[in-house]
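Student: Sharing a structure, written as structure tokens. Questions coming.
The values are calculated or read from the model by the stated rules, or taken from the named source; none is laboratory data. This one's a predicted model, so the numbers in the text were calculated from it and none came from an experiment. Virtual Cβ from ideal backbone geometry, glycine too; neighbours counted across all protein chains shown. Accessible surface areas use protein heavy atoms only, side chains included; no ligands, DNA or RNA. Shrake-Rupley method; radii C 1.70, N 1.55, O 1.52, S 1.80 Å.
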Amino acid sequence: MPLSTTPQASAVPRLILRSPRASPFNVKVLFAASELGILDNIVMQEESHSDKKDVEPVSVHKLPTLELPSSISIHGHATIVQYLDFIAPSARLLPPATTSKRFLHLSQATLADDLLSTAYHIRQEAILRPQEHLHSQAWLEMHKVHLARCIPGLATDLELGDPENEDEVLSLPGIATAAALWA
């Protein structure tokens, strides 16, 4: 059951998400917003790094970017997801900041983000880089080894949430892992 239509979501302001639509980092943000019941509050504006002007500050080159009504921008998928968790009216992706369990969830999400980023870079290398400028086989092997090292850490004590409980949302580590597997 999607949570994006809960009545409490109306208290959340309209937010603008700037990102390439097919980016796995964007997918993670939208998946989190859906789980939190605030997806309807996000307006997607497709943008890529090539759309940016050289005169803009470096921070605006970080995609995805979430623009708040106050003209403040939040950069990076991990920070955006934590902000959405903070403003959501009821559902939570993370345990409260007062428990050490929160840091276990953040650590698991970081491993999944690392897996996502590494897989994304390998894929980009294979698709976008001209054959004559490919990284060495050693570079690719190093990243494949890195992927293999991330997976056991994710499999240990990964708390996804109860899929049978419609009132419980998927945890942040679960969302980050899903985005990594999607990539």
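Student: Given the conditions (1) of a type in the set (S, T, N, Q); (2) open to solvent by 70 Å² or more (accessible area, probe 1.4 Å); (3) under 13 Å from the mean Cα position of the chain (by Cα), and given that SER117 satisfies all but one, which numbered condition is not satisfied?
Tutor: (2)
Student: Something else now. Consider SER34 carefully, then state whether it is among the small types (Gly, Ala, Ser) and either outside any helix (DSSP H, G or I) or at pLDDT below 80 (or both).
Tutor: It is false that SER34 is among the small types (Gly, Ala, Ser) and either outside any helix (DSSP H, G or I) or at pLDDT below 80 (or both).
Student: So, one more: List every residue pair whose Cβ atoms lie under 8 Å apart, where the two residues are 6 or more positions apart in sequence or sit on different chains, the first residue falls within segment 124-141 and is farther than 23 Å from PRO20 by Cβ, and the second residue, located anywhere, is at pLDDT below 70 and surrounded by 10 or more Cβ atoms within 10 Å (Cβ to Cβ).
Tutor: none
Student: Then there is this: Being surrounded by 19 or more Cβ atoms within 10 Å (Cβ to Cβ), modelled with pLDDT of 90 or more and farther than 17 Å from SER90 by Cα, is that true of even one residue in segment 45-62?
Tutor: No; the residues of segment 45-62 include none that is surrounded by 19 or more Cβ atoms within 10 Å (Cβ to Cβ), modelled with pLDDT of 90 or more and farther than 17 Å from SER90 by Cα.
Student: Taking segment 71-88 on its own, how many of its residues are open to solvent by 50 Å² or more (accessible area, probe 1.4 Å) and either among the aliphatic types (A, V, I, L, M) or at pLDDT below 90 (or both)?
Tutor: Count: 2.
Student: Restricting to segment 76-110, name every residue that is aliphatic (A, V, I, L, M) and either part of a loop (DSSP other than H, G, I, E, B) or on the phi > 0 side of the Ramachandran plot (or both).
Tutor: Once the filter is applied, which keeps residues that are aliphatic (A, V, I, L, M) and either part of a loop (DSSP other than H, G, I, E, B) or on the phi > 0 side of the Ramachandran plot (or both), segment 76-110 yields ALA88, ALA91, LEU93, LEU94, ALA97.
Student: Being open to solvent by less than 70 Å² (accessible area, probe 1.4 Å), among the acidic types (Asp, Glu) and modelled with pLDDT of 80 or more is the filter here, so list the residues in segment 128-161 that pass it.
Tutor: If the condition is that a residue be open to solvent by less than 70 Å² (accessible area, probe 1.4 Å), among the acidic types (Asp, Glu) and modelled with pLDDT of 80 or more, then no residue fits.
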